[in-house]
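S.K.: One structure, as structure tokens, below. Some questions next.
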Amino acid sequence: MEYKIGQIVNFKWYDDFFGKAIAFGNKIKYGEKGFTHSGIIYEVGKDYVVIAEALNKGFVKNNYEIWWLDARIKEGKISIGIAKEKLKDVQINIDKYLGRPYAWTDIFNLVLWYLFGKTSFKINSGSKALICSEAVARVLYDSSKSINFEKEFKKNFDEITPQDLFISKQIKW
């Protein structure tokens, strides 16, 4: 696989509580377990890829060895997507979100959305705190000014899920 800055990385992580919970929500809303985590490629080296992703420690950059990513792609646990629109200044746009905390309130809202089809509380964090797919959606919007998942899915950035990214008409998988 040839990796490039700005590619979207979707993971199927079913091993922990959150992965299982998101997979359960995906099953309710999309009819399949689907993707449970998202990141965006920040840097590509000879033997590694740096992926920016929101985890419990916040929006951070992590190194992944290429052999490991290739093996997970082959297993069907990772998919790599590319935006259909041209992206500009991806690293600059990622850098402005780095260090922001994880948006636990947005996860609570997503649980409500999965269970009831809507969120009843106005507790979205906006860009002050991020979940994984929200961070990717914001970086893609900032880097293109035309990729707009809020418009496509008729919900806030805070509520965009990894599975939304996967079914989006704005990303080629």
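S.K.: Would you mind stating whether Glu134 is modelled with pLDDT of 95 or more and surrounded by 13 or more Cβ atoms within 10 Å (Cβ to Cβ)?
M.R.: yes
S.K.: Tell me whether the stretch 52-68 contains one or more residues that are farther than 27 Å from Gly126 by Cα, hydrophobic (A, V, I, L, M, F, W, C) and part of a strand (DSSP E or B).
M.R.: The answer is no; no qualifying residue exists.
S.K.: Take the stretch 4-31 and flag every residue that is assigned to a loop (DSSP other than H, G, I, E, B) and at pLDDT 95 or above.
M.R.: Selection gives Lys4, Ile5, Gly6, Gln7, Lys12.
S.K.: Continuing with the same structure: For the stretch 14-51, give me the residue count where each residue is hydrophobic (A, V, I, L, M, F, W, C), crowded, with 18+ Cβ neighbours inside 10 Å and either over 21 Å from Val139 (Cα atoms) or within 13 Å of the chain's Cα centre (by Cα) (or both).
M.R.: The total comes to 6.
Okay, residues lined up against (1) part of a loop (DSSP other than H, G, I, E, B); (2) under 13 Å from Ala135 (Cβ atoms):
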position: Ser38; (1), (2): no, yes
position: Val49; (1), (2): no, no
position: Ala71; (1), (2): no, no
position: Asn93; (1), (2): no, yes
position: Arg100; (1), (2): yes, yes
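The values are calculated or read from the model by the stated rules, or taken from the named source; none is laboratory data. On a predicted model such as this, the values are computed, not experimentally measured, just so you know. Cβ: placed from backbone, ideal geometry, glycine included. Neighbour counts: every protein chain shown.
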